[in-house]
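Student: Following this message is one structure expressed as structure tokens.
The values are calculated or read from the model by the stated rules, or taken from the named source; none is laboratory data. Bear in mind that the values here come from a model prediction, so they are computed numbers and not experimental data. Quick reminder, even Gly has a Cβ in these numbers, built from the backbone with ideal geometry, and neighbours come from all protein chains shown.
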Amino acid sequence: MMQRFVGATVSVTGACRGIGRGIAERFAQEGADVIISDMSEAVKDTAKEIADKYKVKAVGTVVDVTNEEQVTGMYDMIAKDFGKLDVSVQNAGIITIQHFDKMSVSEFSKVVNVDAIGVWLCAREAAKIMVKQNKGRIINSSSGQGRKGFIYTPHYACAKMGVIGITQSLAIELAPHNITVNAFCPGIIVTNMWDYNDKVWGEMLSTPEKQYKKGELMQEWVDAIPLKRAGEPADVANVIAFLASDDAAYVTGQTINIDGGMFMN
Ligand SMILES: NC(=O)c1ccc[n+]([C@@H]2O[C@H](COP(=O)([O-])OP(=O)(O)OC[C@H]3O[C@@H](n4cnc5c(N)ncnc54)[C@H](O)[C@@H]3O)[C@@H](O)[C@H]2O)c1
């Protein structure tokens, strides 16, 4: 394993499990100290496991990315306790799947608040530290739905397409400060989120002729992926580590798909 991030300070939101945890582990494996935040208390155990396994400093902190006070508090803590922030990964996100006539304004707003405004808010606070040090990497989670809307998820598609716009806008403003801002679009990655997607989309897309059983809808979608497999959090982490590395110094405002070829735009 390369050791590109020895001595670096890296923040990952929504990192107690799934893709976020995979990203935090990869940075720790390459020598970084990590600030792992999540709205779930379980993040503290995740941080301890990562610190023990990779012998780095790993701080687990409970932060809801929609709570401005908690978010600013976390970045203040990073500035004070670590003195710098090299990489900030805005990964926290949620999805719900709902028929158009049952989707309430509050359900729509909640997803946009977490998935788009939460990304922007964390990026804003990270950038304040990075501007002072004239260096930094901001990396935002979008989705395949940042490229193409799926059925029953207009709020999620709105938020994830929004993340691409946030990324491009900040990339221009922060470029003079030697900060790059990029986004990534996972396709089908095996996590708790996909358990939910498979179950709920499976139920909603079932017809009298075709009743989806557990795992069948996901398999059908995976079969349509050129590389013929679902992704793992490590597949995503590999690309994030590249975007955070010196090799990506001349890459900004970009959005990269990590989806086995599911989308090619
Ligand atoms: N799994 C996939 O196939 C897939 C595909 C495309 C995009 N994504 C995106 O990747 C990111 C991670 O997804 P995942 O599959 O690991 O999901 P997950 O549900 O396994 O993990 C998401 C984590 O984010 C946390 N979280 C949720 N709301 C939060 C909030 N308001 N503040 C702080 N933490 C919060 C959860 O507690 C959880 O630990 C999300 O942004 C998701 O939209 C995932």
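Student: Limited to region 88-145, what total is found for residues that are within 13 Å of the ligand (Cβ to nearest atom), in a helix (DSSP H, G or I) and in contact with a strand residue (DSSP E or B) (Cβ under 6 Å, 6 or more places away or on another chain)?
Tutor: Qualifying residue count for the region: 3.
Student: Would you pick out the residues in region 210-259 that are within 30 Å of ILE172 (Cα to Cα) and without any contact (Cβ under 8 Å) to a residue 12 or more places away in the chain?
Tutor: Initial filter on region 210-259 (within 30 Å of ILE172 (Cα to Cα)): 233-259.
Once the filter is applied, which keeps residues that are within 30 Å of ILE172 (Cα to Cα) and without any contact (Cβ under 8 Å) to a residue 12 or more places away in the chain, region 210-259 yields PHE242, ASP247, TYR250.
Student: Within region 34-49, count every residue that is surrounded by 23 or more Cβ atoms within 10 Å (Cβ to Cβ) and either of a type in the set (Asp, Glu) or over 14 Å from the mean Cα position of the chain (by Cα) (or both).
Tutor: Initial filter on region 34-49 (surrounded by 23 or more Cβ atoms within 10 Å (Cβ to Cβ)): 34-38, 43, 47.
Imposing the further condition that a residue be either of a type in the set (Asp, Glu) or over 14 Å from the mean Cα position of the chain (by Cα) (or both) reduces the set to 34-35, 38, 43, 47.
Selection size over region 34-49: 5.
Student: A follow-up question, please. Going through region 240-259 one residue at a time, which ones are in a loop (DSSP other than H, G, I, E, B) and either surrounded by fewer than 18 Cβ atoms within 10 Å (Cβ to Cβ) or at pLDDT below 95 (or both)?
Tutor: Residues of region 240-259 that are in a loop (DSSP other than H, G, I, E, B), as a first pass: 245, 249-254, 259.
Within region 240-259, SER245, ALA249, TYR250, VAL251, GLY253, GLN254 qualify.
Student: Let me ask another. Is it true that LEU205 is under 18 Å from ILE139 (Cβ atoms), without any contact (Cβ under 8 Å) to a residue 60 or more places away in the chain and away from the ligand (no atom under 12 Å from the Cβ)? Working first, answer last.
Tutor: Working: under 18 Å from ILE139 (Cβ atoms): no; without any contact (Cβ under 8 Å) to a residue 60 or more places away in the chain: yes; away from the ligand (no atom under 12 Å from the Cβ): yes.
Judged against the criteria, LEU205 is not a match.
Student: Could you check, for region 45-68, whether at least one of its residues is at positive phi, in contact (Cβ under 8 Å) with a residue 40 or more places away in the chain and not in a helix (DSSP H, G or I)? I'd like the intermediate steps shown before the answer.
Tutor: Kept after step one, since they are at positive phi, are these residues of region 45-68: 55.
Add one more test, that the residue is in contact (Cβ under 8 Å) with a residue 40 or more places away in the chain, and what stays is none.
Checked region 45-68: no residue is at positive phi, in contact (Cβ under 8 Å) with a residue 40 or more places away in the chain and not in a helix (DSSP H, G or I).
Student: Right, something else. When residues of region 51-66 are filtered for being within 14 Å of the ligand (Cβ to nearest atom) and either of a type in the set (Gly, Ala, Ser) or more than 17 Å from the chain's Cα centre (by Cα) (or both), how many remain?
Tutor: Going residue by residue through region 51-66, those that are within 14 Å of the ligand (Cβ to nearest atom) are 60-66.
Imposing the further condition that a residue be either of a type in the set (Gly, Ala, Ser) or more than 17 Å from the chain's Cα centre (by Cα) (or both) reduces the set to 60.
Counting residues in region 51-66 that are within 14 Å of the ligand (Cβ to nearest atom) and either of a type in the set (Gly, Ala, Ser) or more than 17 Å from the chain's Cα centre (by Cα) (or both) gives 1.
Student: Take region 176-188 and flag every residue that is under 26 Å from GLU125 (Cβ atoms) and near the ligand (Cβ under 10 Å from one of its atoms). Steps first, please.
Tutor: Restricting attention to region 176-188, the residues satisfying the condition of being under 26 Å from GLU125 (Cβ atoms) are 176-186.
Once the filter is applied, which keeps residues that are under 26 Å from GLU125 (Cβ atoms) and near the ligand (Cβ under 10 Å from one of its atoms), region 176-188 yields PHE184, CYS185, PRO186.
Student: Would you check if VAL12 is within 16 Å of the ligand (Cβ to nearest atom), closer than 21 Å to LEU243 by Cα, outside any loop (DSSP other than H, G, I, E, B) and without any contact (Cβ under 8 Å) to a residue 40 or more places away in the chain? Show your work before the answer.
Tutor: Numbers: within 16 Å of the ligand (Cβ to nearest atom): yes; closer than 21 Å to LEU243 by Cα: yes; outside any loop (DSSP other than H, G, I, E, B): yes; without any contact (Cβ under 8 Å) to a residue 40 or more places away in the chain: no.
So VAL12 fails the test.
Student: Collect the residues in region 225-239 that are in a helix (DSSP H, G or I) and either among the basic types (Lys, Arg) or touching a Phe, Trp or Tyr at 6+ places or on another chain (Cβ under 9 Å) (or both), keeping them in residue-number order. Please lay out each step first, then the result.
Tutor: So the first thing to find is which residues in region 225-239 are in a helix (DSSP H, G or I), and the list is 233-239.
Selection gives VAL236, ALA237, VAL239.
Student: Now a separate question. Residues in region 135-155: is at least one in contact with a Lys or Arg (Cβ under 6 Å, 6 or more places away or on another chain) and over 21 Å from CYS16 (Cα atoms)?
Tutor: Of region 135-155, the ones in contact with a Lys or Arg (Cβ under 6 Å, 6 or more places away or on another chain) are 142-143, 145-146.
Next, only the ones that are over 21 Å from CYS16 (Cα atoms) stay: 145-146.
Yes - at least one qualifying residue is present in region 135-155.
Student: Further, regarding this structure: Kindly provide the set of residues from region 78-87 that are part of a helix (DSSP H, G or I) and in contact (Cβ under 8 Å) with a residue 24 or more places away in the chain, ordered by number. I'd like the intermediate steps shown before the answer.
Tutor: First, pick out the residues of region 78-87 that are part of a helix (DSSP H, G or I): 78-82.
The answer is ILE78, ALA79, PHE82.
Student: Counting just the residues of region 71-115 that are polar (S, T, N, Q) and buried (at least 22 other Cβ atoms within 10 Å of the Cβ), which one comes out nearest to ALA58 (Cα to Cα)?
Tutor: Filtering region 71-115 down to residues polar (S, T, N, Q) leaves 72, 88, 90-91, 96, 98, 104, 106, 109, 113.
After this cut, where a residue has to be buried (at least 22 other Cβ atoms within 10 Å of the Cβ) as well, the list is 88, 90-91.
Working: SER88: 14, GLN90: 17, ASN91: 17 Å.
Of everything passing the filter in region 71-115, SER88 is nearest to ALA58 (Cα to Cα).
Student: If you don't mind, another one. ASP45 - would you say it is of a type in the set (Asp, Glu), at pLDDT 95 or above and over 21 Å from LYS135 (Cα atoms)?
Tutor: Values: of a type in the set (Asp, Glu): yes; at pLDDT 95 or above: yes; over 21 Å from LYS135 (Cα atoms): yes.
Yes; evaluated as a whole, the condition is true for this residue.
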